[in-house]
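What follows is a set of notes on a single structure, which appears directly below.
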Amino acid sequence: MKKQSVTTGTIWEQRYSYSRAVRYGDRILVSGTTATGPAGEIMGQGDPAKQAHYIIDKIERAVGDLGGCLADVVRTRIYVADLQHWEPIATAHGERFAGINPANTLVKAKLIGDDYLVEIEAEAIIGAGNAL
């Protein structure tokens, strides 16, 4: 089996030698993902729901680049900087994963960077979406 990986080109991936996502066999593991834009800017600054949607867009692209789709996501982990933001973040997750219903964990965490309100990681299994 060959390991495949994909990056989104953020400064963090390059500087710290990690991939946005890695596929090994039929599994895709997506690194903790923030609302970092292509030039290193924070997207949706100050808006937890916008950040969550931007992040899920990045996760969807990474999974897609490795041969999967959002429906193949079987697990997500959500890290929120401030528990006052949990509901708009969870609502964005609910909108994007409606009918997919992956296993999920949401925890409060100290994120790196004060303007990041949420970070999400995901796991997918190719073909899991076909079981829906």
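The table below gives the values:
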item	result
Listed values (1) 114; (2) 93; (3) 102, entry calculated as volume of the Cα convex hull per residue in Å³	(2)
Amide H contacts of residue 5 (H built 1.01 Å from N, under 5 Å, at least 5 apart or other chain)	23
3J(HN,Hα) from dihedral phi, region 32-45, Karplus parametrisation 6.51/-1.76/1.60, rounded to Hz, x for glycine, proline	x, 10, 10, 8, 8, x, x, 9, x, 7, 8, 8, x, 3
Rounded to the nearest 20 debye, dipole of the chain from Cβ charges on Lys, Arg, Asp, Glu	500
Pairs beyond 31 Å (Cα-Cα), from 58/108; 50/110; 2/50	2/50
Mean-position separation - Cα centroids, region 1-43 and region 60-123, in angstrom	15
DSSP loop trypsin sites (Lys or Arg not before Pro) with at most 16 other Cβ within 10 Å excluded, longest remaining stretch of the chain	3-109
Farthest positive-ward along the chain dipole, Cα basis, beta-carbon charges - from 43, 68, 100	68
Cα-based shape type of region 69-132, given that a ≥ b ≥ c are square roots of the gyration tensor eigenvalues and the cut on a/c is 1.5	prolate
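Values quoted throughout were computed directly from the atomic coordinates according to the rules given, and no laboratory measurement underlies them. In this text the structure is predicted, and so the values were computed from the model without any measurement. Quick reminder, even Gly has a Cβ in these numbers, built from the backbone with ideal geometry, and neighbours come from all protein chains shown.
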